[in-house]
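**Student:** Supplied in C-alpha cells, the structure appears directly below.
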Amino acid sequence: MDHFVVSARKYRPSTFNTVVGQPAITSTLKNAIKSKHLAQAFLFCGPRGVGKTTCARILAKTINCTNLTPDTEGCNECESCVSFNNGQSLNIFELDAASNNSVDDMRTLVEQVRYAPQSGNYKIYIIDEVHMLSAAAFNAFLKTLEEPPPYAIFILATTEKHKIIPTILSRCQIFDFNRITIDDIASHLHYIASSENVKAEPEALHLIAQKADGALRDALSIFDQIVSFAGSEVTYKNVIDNLNILDYEYYFKITDYLITGDFSGALLLLNEIIDDGFDVHHFISGLSSHFRDLLVCKDVQTITLLEVSDRTKDRYKAQSKQCSAGLLFRYLEIGNKCDVDFKSSQNQRLHVELSLLKMCALKENAFEGLPAVEQLPASEKKTLINTATPKSDPSPLQAATKIASPITEAKPIVVAEEKVLSSTQQPVVSKNAIPSETKAEITGESSKTSAPSRSRASAAGTISISKTLNANKTPAEADAEKAVSEVVLNQPIEEENLVNAVKQLVEKLMSEGRRQLAVALNKHEPRLTDNVIIIIPVDNPIQADEIQANKQELLQYLKTKLSNTGIEILPQVTDTDETTGTAYTPAEKFSKMMEKNPDLNQLRQQFDLELDF
C-alpha cells in the first residue's frame, strides 16, 4: 500500500509566493531579506492554520540561501536549500515550547546559541507555541533574545499573543496573521482538486471554506475527508451529507414561506429539519445569518460582504427583491430574540415554532399590500393615496377615521404631498356633522383648493408614510392607537382638569398593583406647555424610562379623560435644585416636621428626647 500524505503536508507552501492569503506579511519579509534589514527576533501570531510556522520555515530557508532568485526566493539548488528540503539542515532548529517549557530547556537553548554556524550565515531558532513557556523560562530567555550573537535569529510563533509577557513582545518584530478569506481558501482547494484529478463543484468548495472558519489547514483536512467519502467527484450534496450541514435550500424555502405567510409550510419544513437530525438551535442561528445575507444584498455597496459562490449569490439577490428591508429587520429582531432566549426555554421546539409563526404573521398584519422600503420616495413628507374610488363620498366621520386607521387591504397606490396639521389646527369632529372647511383639512386639502380637487381628496382616504411604517407595532399598541384615533377631539385643557385626570390615573394604577409607575406619575404635579404637551416631572431617568415604556397606555387614558387627541406626554428629569428639599435622614425629617409645627421641638426638649442619627 502506498503511503498517503495528507494535503496539508503534501501541498505545504515552500516559497513566499505560494503562501495563501498573507500577501502583506510575505512582501515585508522578502523586502527585509533583500535589503538585509533582518531583526534578531520575529513573532508570528494569529489563529490556527493560517501559515505561521510555514512562513517561519520559509524565512529560515531563504535567509541561508546562497543563491537567491530575483524574486527573493530560495533557489532549492544550493547546499543550504537542499539540506533544508531533506530535513537535514544543521543551522535551523525547531523547538516545541508546549513540551519544552522549563528553565532547563531555555538554558540548553542559550548554550547552543553560543556556537557559530558551521556553514551558512545564520543559525535560526523556530520556537512554536511560545506562549506555553513558563514565566521563569521567559525570564531565562530574555537576555539572549535581547542581545543575541549577530548570526542568531529567533522566530517565535503563537496563537495566543496576550499570554506572552510584555518584555518579550518589546524585543520582537510582531507580524499578525489574518484569517484566510473564503475566496482564497476555495481558490486553493480548486488548485489542489485539479492537481489530484478530483472534479469538485464550486459550491462544494465554498461550503468547505466556510466550515474551515479561516483556517487553511482545517479546510484541507475536510477536503481529504470528503474525497475519501465521495471519491473523485466532490459535489455539494456530498459535502452537506458528510459534514451534517444545513443546506442553503432549507433557508431559501423557509424564507419563501415566511414572506408569503405560509404557516403550515414553515412548520412542516421545521419538522423535516428536526427529523433529519439537525440541532434546532443551529437552525435558528443559521436562519438569522440567512436574513443578514439577504439584507446585505439590498445594497450594491455591501453585496461584496456575501461570501458565497456566484450561483448562490444570484439566488440571494433574487430572494432579497421579494421582501423589504424593514421586513428583514423585523425577521432579524425576532430571530435574535429567539436565539437569546433559546437555552432558558422549557419547550425549545415550541419556542422556535412560535418565532416562525410571528415571522409569518408579519406579512399579513404589517406588510401585506405595502410597497417595499426601497420603492418609497426619498422625502418623508409624502402621502400614499388610495386610488380606488368608492361608489359614493364617505361621510365626514368615515373620512376622519380613514386618516388614523391602518391599511386593511392591498389596493393600488400613488404618491402625493402630505399636508401636516399642527396641534392648533386639528378639527373637532362630531358624529353628526362636520363643516366643509374642516373636511378639507382632514382630507389634506387647503380651503383654497378647487372643488374638483377637494372632491377627489375626500373620495380617497389618505394615509401617511409614518402611519404605514407604524404597522410594525405590536397588536396591543395598534389597538390602543386605533381606539383613540377613531374621533379627532381638540377640547381646551385646564390645569386643574389635567391634575385631576393624572390623580385618577394614579389611583387606577395603584388598584392594578402597578405601584412603580404610579409613584413616578404622582411624585410631582404635571405641567402643560404649548396647550398639548404634558410635562411629567420625575426624579431620575429610571422613572422617565418607566413612563416612556407605558406611554401609549397613558396617552389613551388621558386623551379620553381630557377629550383631546392631540396631547403628548414628555417625561422630564427634574434638576438637582428641585429635589434638594426631600428629607432623607431622621434629622432632616424632624426639621421638615418642625417647619409645619414648631411645638414639636418644645415637646422634644420637655421630655428630653433624642433623635436617632
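The values are calculated or read from the model by the stated rules, or taken from the named source; none is laboratory data. What you are looking at is a predicted structure, and each value in this text was computed from that prediction instead of being measured. In this analysis, Cβ positions are derived from the backbone assuming ideal geometry, glycine residues included, and neighbour counts consider all displayed protein chains. Side chains included, ligands, DNA and RNA excluded: accessible areas come from the protein's heavy atoms. Shrake-Rupley method; radii C 1.70, N 1.55, O 1.52, S 1.80 Å.
**Student:** Take residues that are farther than 20 Å from Ser99 by Cβ, open to solvent by 60 Å² or more (accessible area, probe 1.4 Å) and touching a Lys or Arg at 6+ places or on another chain (Cβ under 6 Å) and tell me which of the helices (runs of 4 or more DSSP H) falling wholly in the range 121-195 contain 1 or more. Write out each step before concluding.
**Tutor:** Working: elements: 135-146, 166-169, 182-195.
Output list reads 135-146.
**Student:** Here is a list of conditions, (1) polar (S, T, N, Q); (2) under 36 Å from the mean Cα position of the chain (by Cα); (3) modelled with pLDDT of 80 or more; (4) exposed (fewer than 13 other Cβ atoms within 10 Å of the Cβ), and Ser511 meets all of them except one; can you say which number that is?
**Tutor:** Just one mismatch for Ser511, condition (2).
**Student:** Among (1) in contact with a His (Cβ under 8 Å, 6 or more places away or on another chain); (2) modelled with pLDDT under 85, there is one condition Val20 misses while meeting the rest; what is its number?
**Tutor:** (2)
**Student:** Quick check: is even one residue across the range 61-70 assigned to a loop (DSSP other than H, G, I, E, B), of a type in the set (Val, Ile, Thr) and either open to solvent by 70 Å² or more (accessible area, probe 1.4 Å) or touching a His at 6+ places or on another chain (Cβ under 7 Å) (or both)?
**Tutor:** yes
**Student:** Now for a different question. Name the single residue, out of those in the range 6-37 being charged (D, E, K, R) and either assigned to a helix (DSSP H, G or I) or in contact with a Gly (Cβ under 7 Å, 6 or more places away or on another chain) (or both), that is surrounded by the most Cβ atoms within 10 Å (Cβ to Cβ).
**Tutor:** Lys30
**Student:** Quick check on the range 77-91: of everything there that is out of contact with any strand residue (DSSP E or B) (no Cβ under 8 Å at 6 or more places or on another chain) and hydrophobic (A, V, I, L, M, F, W, C), which residue is most open to solvent (accessible area, probe 1.4 Å)?
**Tutor:** Leu90
**Student:** Every residue in the range 102-120 that is touching a residue at least 24 places away in the same chain (Cβ under 8 Å) and open to solvent by 50 Å² or more (accessible area, probe 1.4 Å), please.
**Tutor:** Let us first name the residues in the range 102-120 that are touching a residue at least 24 places away in the same chain (Cβ under 8 Å), namely 102-103, 105-107, 109-110, 113-114, 116-120.
Of everything in the range 102-120, those that are touching a residue at least 24 places away in the same chain (Cβ under 8 Å) and open to solvent by 50 Å² or more (accessible area, probe 1.4 Å) turn out to be Arg107, Arg114, Ala116, Gln118, Ser119.
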